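Worksheet: one structure, shown below.
The values are calculated or read from the model by the stated rules, or taken from the named source; none is laboratory data. In this text, all values refer to a predicted model and were calculated from it rather than measured experimentally. For neighbour counting, all protein chains shown are included, and Cβ atoms are generated from backbone atoms with ideal geometry for every residue, glycine included. Keep in mind that these areas ignore ligands, DNA and RNA; they rest on the heavy atoms of the full protein, side chains included. Shrake-Rupley method; radii C 1.70, N 1.55, O 1.52, S 1.80 Å.
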Amino acid sequence: MRQLVRNFRLIWVFAFTFWQTISQYRLGAVTWVINAAIVPTLTMAIWLVIGGGQQLALSQSQIVAYFFLTIVVDRITGSWSMYRIGRQIRDGTFSNTLLKPFSYLIDILSHTLSLKFIRLTTLVPIIAIVIIVFGQWIGLKFTFNSGLLFALAAILGFLIRFCWASLLGLATFWLEEFHSVDELDGLIGQVLSGGLIPLALAPHFLGQLITYSPYRYFISFPIELALGRISGFKIAEGFILAGLYLSFLIVLNRIVYLKGLKKYGAYGG
């Protein structure tokens, strides 16, 4: 228990330190605002046009609500641990992390949380604009239960995404570079997370892939709960599968980390 409290204290201190450093790059904040909104907004517009010509499983107000929540959930669950781990391994600064008297994950998680806080802050103007322009179309009605389930799903989504990104970052022990893996993962994630095609609108075979893919928890699953698209057994099934994915990724991260250290040490770190 004492060790757990110490780790949380370290994460808080380091996250605050990283936040002070990152917040100096104001131009980056503007870029994050644009990047966060452009793809979901364009995708929403496309689905609204499609929905205007034919009957879809989601109404136009639900489509607007879905992609509005996509912007928010993507920032809540977002993780940049792959890039940080991959860069540290490639430039050799991972050795410095290994010398510190705590797990490398504390450094990575602290950096991710500081970035997350800033990027969530930059969402405020986007949320304001969307509410002003599309407010009458957004039919979100949170109850206590749906809000609680949404929050739990978003937290689980972040943990799964963080472990997944960290695992891909650790793969840099065996790779020459990690940028191509990052780009490929981002492309696959856009499709299987529901970021481009909502589960309710996906073809059957793609819907099955999304339903049982870990990427679903990055975006789709919390939004499905918020929109009331699933209930009963499907909710329980979703959370059980999320817990299994998280447990599996934690164990796999540990195995890959230990094996990777042997290779890293063999080359002199």
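Please give the net charge around L120, taking every other residue with its beta carbon less than 14 angstrom from that of L120, where Lys and Arg add +1 and Asp and Glu add -1. Walk me through the numbers before you get to the answer.
On the way: positive: R75, K116, R119; negative: D74.
Local net charge: +2.
Kirkwood Rh, Cα Rg: Rg to Rh for the stretch 210-250? Could you put the intermediate results ahead of the total?
Working: Rg = 10.0 Å, Rh = 10.4 Å.
Dividing the radius of gyration by the Kirkwood radius yields 0.96.
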Decide, for the stretch 39-105, between rounded, prolate and oblate: order the square roots of the alpha carbon gyration tensor eigenvalues as a ≥ b ≥ c, take rounded if a/c falls under 1.5, and otherwise choose prolate if a/b is larger than b/c, else oblate. prolate
Based on the inverse mean of 1/r over its pairs of different Cα atoms, what is the Kirkwood hydrodynamic radius of the stretch 183-246, in Å? 11.8
Taking 0.36 nm per residue of separation between I38 and F117 and subtracting their Cα-Cα distance, the length gained on full extension comes to 26.4 nm
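Arrange the peptides 102-115, 244-257 so that the one whose residues have, on average, the most other Cβ atoms within 10 Å appears first. It would help to have the intermediate numbers written out before the result.
Values: 102-115: 20.0, 244-257: 15.0.
Averaged packing, sorted descending, gives the order 102-115, 244-257.
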Return the whole-Å distance between the Cα centroid of the stretch 138-185 and the Cα centroid of the stretch 206-252. 11
Label point distance in nm, L209-S247, each placed 7 Å from Cα along Cα→Cβ: 2.8
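Given axes a ≥ b ≥ c from the Cα gyration tensor, I'd like to know whether the stretch 134-269 is rounded (a/c under 1.5), prolate (a/b larger than b/c) or oblate.
The shape class here is prolate.
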Can you check what the net charge comes to around L201, using other residues whose Cβ is under 14 Å from the Cβ of L201 (Lys, Arg +1; Asp, Glu -1)? 0
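Based on the Cα coordinates of the stretch 68-125, what is the per residue volume of their convex hull in Å³?
Numbers: hull volume 4.4 nm³, N = 58.
It is 75 Å³ per residue.
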Alpha carbon Rg of the stretch 70-223, scaled by the compact-globule rule 2.2 N^0.38 Å: 1.17
Full-extension gain in nm, L175 to L152, via 0.36 nm per residue minus C-alpha separation: 4.8 nm
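Quote to one decimal, in nm, the extra length available between I188 and I129 on full extension: 0.36 nm per residue of separation minus the C-alpha distance between them. Walk me through the numbers on the way to the answer.
On the way: separation 59, 0.36 × 59 = 21.24 nm, distance 2.89 nm.
Going from the current span to full extension adds 18.4 nm.
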Over the stretch 191-269, with every protein chain in place, what whole percent of the accessible area is carbon and sulfur at 1.4 Å, could you tell me? 71
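Compute the FRET efficiency between K259 and S103 as 1/(1 + (r/R0)^6), taking r as their Cβ-Cβ distance and R0 = 22 Å, and round to the nearest 0.05. All intermediate terms of the calculation are to be shown ahead of the outcome.
Numbers: r = 17 Å, r/R0 = 0.76.
That pair, K259 with S103, gives E of 0.85.
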